[in-house]
Structures are given as structure tokens and as C-alpha cells.
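Notes follow once the structure below has been shown.
The values are calculated or read from the model by the stated rules, or taken from the named source; none is laboratory data. As the structure is a prediction and not an experimental result, all values here were calculated from the model. Cβ placement follows ideal geometry from the backbone for every residue including glycine, while neighbour counts extend to all protein chains displayed. These area figures cover heavy atoms from the full protein model, side chains too; ligands, DNA and RNA do not enter into them. Shrake-Rupley method; radii C 1.70, N 1.55, O 1.52, S 1.80 Å.
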Amino acid sequence: MIDYVAQLRKETDDAVDLIESSDSNILKKSLDASHILAEAFDKLKKFILSYQFQSEAEEINFFKEIKPKFCYRLIYYRKLYNIEMNRPVAATCKQKEYLYEELDTIHKYTNKRLDFVRYYRSGSTHLDSLYFLRGRMDTEQYLETFYYELDPNFSTNCDFKVAKILANDMLQAYLMQEITLLEIDLHYPSSSFPKVKLTWKGTKTELVEQLYSWDSDSIFGDIPLTQVSDYIQNVFNIQLDKNLSRAFSDMKIRTQPTPFLDKLKDALLRRMGRKK
């Protein structure tokens, strides 16, 4: 199972990354990504329905860790499409009001399920057999899910909740990023950048990793990440994907979380003669 899932995940990630790096607008990107992710989700479901789990631990791991990480981006992109489709074409204050209402919806969802959110985020396991084994369907959970989840052979009480939590994390980051951009446009309508540009030779993913490391340590002070990103993109002559939050979410769950920073450290140590 692990090999199949890893291959499917890689193919899906590559396809979505290609979409994100395109020049399309956010509506087309979110719609195209949704199609890719829905197709991958269908493949995963077909595989699992013909697969026999070797133990309860393997089944729990699939429905607690593997399936939600396929599902959450599908939820995210579909919700993102709806948010941007209904976003008012109006004054900045109206757009901010709309985005804050979407944030409030996320907060209400979280507050209604706070006990489970705490259980999941704390890494607890004592209720896993109730939450992540099939055949123990709770009516409230059944009514909460979307149509992919109607098959009890491919659903548990809480795998959708996990996916929704992860999707909401991304949506919240996206909404805050959009609000920050609107505020920057209000207070800094014309930003000045250096006339001489250098060209970034690394990958976009590597630059995002660097950006988040700077932001995490407040290297530039109390400056929004979006403002730092805009400046760096201009100076380094590169166009990053607008949705930095998705890239960060992917960084958090990859096996080696900071490969670029690790590479930089090794290069510096070699230059110092402290590593071969």
C-alpha cells in the first residue's frame, strides 16, 4: 500500500505544482487543481476498496494520516474556488469584510469541534479505534461529509474531520494573506524597489523555504510575509505562486522539512573547512 500511495501522491503533487506555477488566475488554478485531486482521490478509493488492511494499526494510519492528506487539498481548492468566485469586486473595505466573514466561518467550525481538534493536534491516540476504524459510523459525521464520503467502506467517523482541519489551516492562511495584501495596498500604494535585479537560480520551493525561515525569525522586523515576498520576487526577478500557504503546508508534512536550508548549512561548513 505504501508504495502505491507514495507514487500516487508524487504524481498528484507534481501535477498540482505545475498548475500553481502557471500564469492562470486563481479561479482557473483552483478549478484545475480540484479536477486533478478528485481524480487522484478516486484512484485512491478504488485501490483501498480492493485492499485488505493487514492490521487495525494499518487501517487507523490510513484513515488518520494518509487519506486526509489526499483529501484536504481537494476540500481547500473547492472552497477557494467558491470564495474567489463570490468575492465582491468592490472597494477594499468591502473585500476585507467579506474575507473576515470567511475567517469567522472557519473559527465557528473549529469551535464546534474543539474537543476533537485538540485531540488531533495533541497527537493523542487513545480514541483512534473509535475515530479511525470503519464500521463505527456516527450519524452526525455521516451528515457532515461530502459525496466522496458516502461509502462506509471508505469512511470512518473522523477522517473527514482531519481533512477539514487541514484544509481550514490552509484557507485561514490564504485569507489572512489576502487581507494583508489589501492592507498593504491601502497604506503602501507605491513601493520602491532596487533598479538592479539579481536572478534567483534555485527553485521556487527553495525560495519559499528561505522566505518562511526569515519570517519565522522576524529577520526584517514586523513586516508581513506577503510584503517580504513581493519585495524578494522583484529583487530576485522571479514570480512565486501567490498561494504561499499551500507551499508551507506541504513543507510541514514532507519527510525532510528543510532540504534547502540544510544544503546551505552544509555548503557554508564546507567553505569553512569544517565539513568535507
Item to check | Set of lysines near Lys112 by C-alpha distance (under 30 Å), chain-local residues within fewer than 8 positions excluded | outcome: Lys45, Lys64, Lys67, Lys69, Lys79, Lys94, Lys96, Lys161, Lys164, Lys252
Checklist entry - Using 7 Å Cα-to-Cβ label points, what is the Met272/Asp13 separation (nm, one decimal)? => result 3.0
Item to check | In order through region 14-31: 3J(HN,Hα) via Karplus (6.51 cos²θ - 1.76 cosθ + 1.60), integer Hz, x for Gly, Pro | outcome: 4, 5, 5, 4, 4, 5, 5, 7, 6, 8, 5, 6, 5, 5, 5, 4, 5, 5
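Share of region 204-276's accessible area from carbon and sulfur, percent, 1.4 Å?
Of the solvent-accessible surface of region 204-276, carbon and sulfur hold 52 percent.
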Next on the checklist: Using Cα springs under 10 Å in a Gaussian network model of the chain, which residue among Ile253, Ile66, Ile238 shows the largest mean-square fluctuation?
Outcome noted: Ile253
Checklist outcome for this item: Rounded to the nearest 10 degrees, the helix 67-85 long axis (Cα) sits at an angle to the longest Cα principal axis of the chain of 60
Checklist entry - Can you give the extra length, in nm with one decimal, that the chain gains between Glu97 and Gln239 once fully stretched, where that is 0.36 nm per residue apart less the Cα-Cα distance? => result 48.3 nm
Item to check | Label zone at Leu261, where the point sits 7 Å out along the Cα-to-Cβ direction: region 228-245 residues whose backbone N lies under 20 Å | outcome: 228-230, 232-233, 241, 244-245
Next on the checklist: At 222 nm, what value in deg cm²/dmol follows for the chain if DSSP H runs of at least 4 each add -39500 (n - 2.57) and the sum is divided by all its residues, to the nearest 500?
Outcome noted: -21500 deg cm²/dmol
Checklist outcome for this item: Cα convex hull volume per residue for the chain, in Å³, equals 173
Next on the checklist: Could you check the spin-label model distance between Ser50 and Ala6? Points 7 Å from the Cα along Cα→Cβ, value in nm.
Outcome noted: 2.2
Item to check | Net charge of Cβ neighbours under 12 Å - reference Asp241; Lys, Arg +1; Asp, Glu -1 | outcome: 0
Next on the checklist: Can you tally the net charge around Gln52? Count Lys and Arg as +1, Asp and Glu as -1, for every other residue whose Cβ sits under 11 Å from the Cβ of Gln52.
Outcome noted: -2
Item to check | Sequence of Thr92, Thr125 from largest to smallest accessible area, 1.4 Å probe | outcome: Thr125, Thr92
